[in-house]
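Take a look at the structure set out below.
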Amino acid sequence: MKTRRVIGLSVVATAVIWFQVAGRFEARRSDAQRESRAQVTSRPASLRIDSDRLMATVQTLADPRFEGRAAGSPGGVAARAWILERIKAIGLQPVSGSYEFPFKFTRMSVNGRVEGEGANLLGLCLGTDPKAPMFVVSAHYDHLGIRNGVLFPGADDNASGVAVMLAVAEYCQKTPLHRSVVFAAFDAEEAGLQGAKAFMIAPPVAKDRIALNVNLDMVSRNDKREIFIAGTYPWPQLRPPLDGVAKRAPVTVLFGHDKPMPVAGGVEDWTNQSDHGPFHAAKIPFVYFGVEDHADYHKPTDTADKIDRGFFVDVAETVLEAIVQLDKSITP
Ligand SMILES: [Zn+2]
């Protein structure tokens with residue numbers, strides 16, 4: 001979910017001039033990143049991601065039988081049960097004795113106060129050092145549901161993120177990392193990051209035991225084969241290991257969308273646009289993977305057949321490599 005901000009007219013005039021200058025600088029910088037990327041065309045030795053299962057997960061979650069997975073709807077509840085079966089089949093353990101964490105929320109909408117409910121799904125992959133602070137790898141599984149009789153399948157947003165999160169969990173179970181990882185399928189993100197907020201209000205693991213949130217939201221299609229990493233501006237210590245990953249990645253990795261707009265020359269700030277926002281607000285570092293908005297964003301046309309399989313698998317490999325390298329680089 002991403003929103004646009006409104007600013008005053010006089011500020012607009014100055015801002016426009018400012019933005020053009022800074023924007024040109026920002027554009028030149030990403031061009032530079034694209035050029036350096038073109039120089040290195042290596043692929044990870046072995047594809048660690050099961051690409052058939054990755055695609056099958058998206059096709060399943062975007063299927064009309066899950067009715068666009070609106071939080072708390074019958075389709076959303078059915079999708080939750082399907083994901084929970086996958087979490088158990090992968091062998092992840094319950095967190096603090098549970099996999100399912102229901103919550104209620106209230107939010108203001110154009111129609112006034114709205115009451116809602118949902119449930120987060122959590123699974124634990126134990127690391128080799130149980131004392132090491134954990135990672136939370138997250139992706140929201142809800143989407144817009146059926147509106148005025150029209151289905152919103154939400155293939156890229158965010159069945160794709162859930163698919164990559166489950167693929168990383170499968171790898172983690174086979175090849176444990178140094179630290180333990182909580183895999184979180186958050187609910188009600190489209191209703192205002194409600195699942196992530198509920199997680200932060202009553203964290204099933206102590207906040208000071210969480211070293212990093214890696215959030216995945218819309219990771220399966222981009223015409224220029226570009227994936228953004230947001231988070232290294234507010235959390236610069238994360239940049240060196242990710243620079244290494246970006247150099248070796250089979251896709252173009254761009255860093256950005258994590259600065260206040262005036263500083264970034266009008267480039268949108270995604271810091272509070274998905275489930276990593278509540279972690280950031282709780283002063284927990286985050287890394288967010290996501291593509292730029294595409295023509296089918298929040299449209300009934302965000303379907304599984306629009307997914308670029310090659311790009312999607314390469315992004316999944318890149319996310320996995322980033323988590324492996326961050327696990328090694330973040331101490332303790
Ligand atoms: Zn989303």
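Can you report the number of residues in segment 60-85 which are open to solvent by 40 Å² or more (accessible area, probe 1.4 Å) and within 18 Å of the chain's Cα centre (by Cα)?
Of the residues in that region, 0 qualify.
Among the residues of segment 321-332, which ones are under 17 Å from Cys125 (Cβ atoms) and either surrounded by 22 or more Cβ atoms within 10 Å (Cβ to Cβ) or free of Cβ contacts under 8 Å to residues at least 40 places away in the same chain (or both)?
Ala322 - this is the single residue of segment 321-332 that is under 17 Å from Cys125 (Cβ atoms) and either surrounded by 22 or more Cβ atoms within 10 Å (Cβ to Cβ) or free of Cβ contacts under 8 Å to residues at least 40 places away in the same chain (or both).
Could we say that Val137 is hydrophobic (A, V, I, L, M, F, W, C) and over 23 Å from the mean Cα position of the chain (by Cα) here? Lay out the reasoning, then the answer.
Details: hydrophobic (A, V, I, L, M, F, W, C): yes; over 23 Å from the mean Cα position of the chain (by Cα): no.
Judged against the criteria, Val137 is not a match.
Specify which of the listed residues (Pro300, Pro260) is under 14 Å from Pro234 (Cβ atoms), open to solvent by 40 Å² or more (accessible area, probe 1.4 Å), over 14 Å from the mean Cα position of the chain (by Cα) and not hydrophobic (A, V, I, L, M, F, W, C). Break it down into steps so the answer makes sense when it comes.
On the way: Pro300 fails: under 14 Å from Pro234 (Cβ atoms).
After applying the criteria, what remains is Pro260.
On the given criteria, is Val162 touching a strand residue (DSSP E or B) at 6+ places or on another chain (Cβ under 9 Å), within 16 Å of the ligand (Cβ to nearest atom) and either under 23 Å from Val287 (Cα atoms) or modelled with pLDDT of 95 or more (or both)?
yes
Is there a residue being open to solvent by less than 10 Å² (accessible area, probe 1.4 Å) and in contact with a Gly (Cβ under 7 Å, 6 or more places away or on another chain) anywhere in segment 199-207?
no
Tell me which strands (runs of 3 or more DSSP E) are completely within segment 96-146 and hold 3 or more residues being modelled with pLDDT of 95 or more and open to solvent by less than 20 Å² (accessible area, probe 1.4 Å), or say none if there are none.
Values: elements: 100-109, 112-125, 134-140.
It comes to 112-125, 134-140.
The values are calculated or read from the model by the stated rules, or taken from the named source; none is laboratory data. Since the model is a prediction, treat every value here as computed from it, not as a measurement. For neighbour counting, all protein chains shown are included, and Cβ atoms are generated from backbone atoms with ideal geometry for every residue, glycine included. Only protein heavy atoms, including side chains, enter the accessible area calculation; ligands, DNA and RNA are left aside. Shrake-Rupley method; radii C 1.70, N 1.55, O 1.52, S 1.80 Å.
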